[in-house]
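Peer 1: Handing you this structure, nothing more for now.
Values quoted throughout were computed directly from the atomic coordinates according to the rules given, and no laboratory measurement underlies them. The model shown is predicted, which means the values in this text are computed figures rather than measured ones. Neighbour counts run over all protein chains shown; Cβ positions are idealised from the backbone, glycine included.
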Amino acid sequence: MSLAHLLLRQARQQPEREAIYHGTALHATAGQWAARSAALAQHLQEAGLQPGERVLLFMRNHPRYLEILWAAWWAGLVVVPVNAKLHRREVEWIIQNAGARWGFVTADVAPQPLAGLARQIDIESAAADDLLSPLSDAWAVPITARAPQDLAWLFYTSGTTGRPKGVMLTQRNLMTMGLTYFVDVDAVQPEDAMVYGAPMSHGAGLYALPHLMAGARHVVPASGAVDPAELFELGRALGPLSTFAAPTIVKRLVDHAEASDLTAQDCAASFKTIVYGGAPMYLADMQRALRVMGPRFVQIYGQGETPMVATALSRRHLADSTHPRYLERMASVGLAQTPVRVRVSDERDLDLPVGEVGEVLVQGDSVMAGYWDNPQASAAALRDGWLYTGDVGCLDADGFLTLKDRSKDLIISGGSNIYPREVEEALLSAPGVAEVAVVGSPDPEWGEVVVAFVVAQRNATLATGELDLHCLAQIARFKRPKRYVLLDELPKNNYGKVLKTELRQRLRDEAVLSGDLGTDGGTAAK
Ligand code: AMP
């Protein structure tokens, strides 16, 4: 069995069925998709690429992304989908580390040849057209057999600390992830469609699997980016659509709906399901999203090392407002997804009782095989069959997991643990606050002190004294930020995650410049 069989199965069953759209234009039927992927697979094999070799994808979202993924799997190869925002030198490091020989790119992302590739193909070139031209007996190209433990997807972590690590995901990992979608996230009908707003190199692209399994359609926005107006429009034309969105994208969709006076019913016409995850969703933001867009949200928690599959908070739980712990549940990341076990342990690897905070561990068929060519990192992350996620959280009596933070984001001030998320939740409920990121800053007296980076809502003016009073009313005194820094926007990566390392670096740079950690560098301080 190979992931490529999923495509062949759909193509055989209904070759004429619409499968991939570019904007509202039909890009490929199921039969065309399979024929093009099979043709490219044959070229890859004829070029001497052997099963298990790596093929790089470095491009903006594009309908050919799907054709190339499946071509690679058809030929038994491993895909290395790379974040389109990476610097060229970072990509070249990945090419070398992964030993990728062929690379597929879009010219906007990779205008120059990348060092280390034997062949670089601009997917919008005539050469790509040739490679993807269906052969007369296209489906006769045999699919290279793969075992469940064979690699399918080599995903490089964002590498906020040190070099990125190549997460080895197997055929079994991806098959499990795809099937789990139907149990824990959403039922999918053939008339449904997935729209790829978020980068296809990450979780959003992985959701092509369950949608192909169900014979549903795939829509790649013409802009190749996240544009809320375009997504709503596509939904009206082809939808209702399902999509994966990081919390920052959810926020932009909700802003758009509000600014355009769209009712929840209008939103239902554009979106069937919005799966959110990948970063913390704050309670106030989810309450607003549900109010404005209606009950079309499902949360997932996962990481590259167990893609999209650790826990899920279902549509039903998000709608069950009469439940006595409704708000706690909404602030949680939900229950363990069906194929995994999730536990919370202390430093000695002992299970912690309900409500106590420790590291989140995950075990099951979605968990990676290890890090590519990095036995040390693999041994640290995978122990006794469990994945050590580096996330910190606690379970309640019903099994709902609440994440506190990444362990490396934890702030220790005067010997007390402070979870930035708790402070962020408190500040987000203050009037006029749009976004917040809380980090620890080194401090000679306290070890670390809490610093809040705050973005005001449009036309709002924030007074730090008022923010402080707001925190005093919500959280313990010692958790209050010692300093506020007002920003126009928070630094984020391509997947919408706030880059706390950049914020910490900024504080360190300021400290070096001023020689004094307490000075304010022109920002609003208490
Ligand atoms: P990545 O491997 O880049 O997908 O990042 C995974 C990390 O994002 C996890 O380890 C969590 O720290 C965070 N994350 C993922 N999903 C959620 C979620 N639903 N809520 C809060 N944080 C999340």
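Peer 1: What residue among Leu69, Ala268, Leu428 has its Cα farthest toward the positive end of the dipole of the chain, where the charges are +1 on Lys, Arg and -1 on Asp, Glu, each on the Cβ?
Peer 2: Checked the options; the winner is Leu69.
Peer 1: Measure nothing fancy, just the Cα-based angle from helix 500-514's long axis to the longest principal axis of the chain, in degrees from 0 to 90, nearest 10.
Peer 2: Once rounded, one gets 50 degrees.
Peer 1: Using the Cα centre as the reference, give the magnitude of the dipole from point charges on the C-beta atoms of the range 1-146 (Lys, Arg: +1; Asp, Glu: -1; all else neutral), rounded to the nearest 20 debye.
Peer 2: Using Cβ point charges on Lys, Arg, Asp and Glu, the range 1-146 gives about 400 debye.
Peer 1: Could you give the size of the charge dipole of the chain about its Cα centre, using +1 on the Cβ of each K and R and -1 on the Cβ of each D and E, expressed in debye and rounded to the nearest 20?
Peer 2: 320
Peer 1: Let me ask another. Please determine, in degrees from 0 to 90 and to the nearest 10, the orientation of helix 63-74 with respect to the longest principal axis defined by the Cα atoms of the chain, where the helix direction is its Cα long axis.
Peer 2: The angle comes out near 70 degrees.
Peer 1: Here's another thing I want to ask about it. Give me Met308, Met168, Met200 sorted ascending by neighbouring Cβ count inside 10 Å, so fewest comes first.
Peer 2: Ranking Met308, Met168, Met200 by Cβ neighbours within 10 Å, fewest first, gives Met168, Met200, Met308.
Peer 1: Give me the distance between the Cα centres of the range 101-166 and the range 323-385, rounded to whole Å.
Peer 2: Rounded to whole Å, the Cα centres lie 32 Å apart.
Peer 1: Note down the net charge around Glu448, summing +1 for each Lys or Arg and -1 for each Asp or Glu among other residues with Cβ under 14 Å from its Cβ.
Peer 2: +4
Peer 1: How large is the charge dipole for the range 88-166, taken about the Cα centre, if only the Cβ atoms of Lys, Arg (+1) and Asp, Glu (-1) carry charge, to the nearest 20 debye?
Peer 2: 520
Peer 1: Relative contact order (percent) for the range 194-254, with alpha-carbon contacts under 8 angstrom and 6 or more residues of separation?
Peer 2: 45
Peer 1: With runs of 4+ DSSP H residues as the only contributors, calculate the mean residue ellipticity of the chain at 222 nm using -39,500 (n - 2.57) per run, divided by the residue total and rounded to the nearest 500.
Peer 2: That comes out to -9500 deg cm²/dmol.
Peer 1: Could you state the angle between the C-alpha long axis of helix 30-46 and the longest principal axis of the C-alpha atoms of the chain, as a value from 0 to 90 degrees rounded to the nearest 10?
Peer 2: 80
Peer 1: In whole angstrom, how far apart do the alpha carbon centroids of the range 275-294 and the range 193-246 sit?
Peer 2: 18
Peer 1: Which residue, chosen from Val354, Gly52, Tyr388, occupies the Cα position most advanced towards the positive end of the dipole of the chain, where the dipole is computed from +1 (Lys, Arg) and -1 (Asp, Glu) charges on Cβ about the Cα centre?
Peer 2: Gly52
Peer 1: Turning to a different aspect of this structure: Taking a threshold of 31 Å on the Cα-Cα distance, which of the pairs Lys404/Lys492; Lys165/Lys479; Lys85/Lys408; Lys251/Lys500 fall above it?
Peer 2: Lys165/Lys479
Peer 1: With a ≥ b ≥ c the root eigenvalues of the C-alpha gyration tensor of the range 285-406, is it rounded (a/c under 1.5), prolate (a/b larger than b/c) or oblate?
Peer 2: Prolate shape, in that a/c is at least 1.5 and a/b is the bigger ratio.
Peer 1: So for Ser366, Ser345, fewest C-beta neighbours within 10 Å to most, what's the order?
Peer 2: By the 10 Å Cβ count, ascending: Ser345, Ser366.
Peer 1: Which order do the peptides 388-397, 372-381 take when ranked by the mean count of other beta-carbon atoms within 10 Å per residue, highest first?
Peer 2: 388-397, 372-381
Peer 1: Order of Met194, Met1 from fewest to most other C-beta atoms within 10 Å?
Peer 2: Met1, Met194
Peer 1: Quick one: compute the contact order of the range 1-146, relative version, from alpha carbon pairs under 8 angstrom and 6+ residues apart, as a percent.
Peer 2: Relative contact order here is 29 percent.
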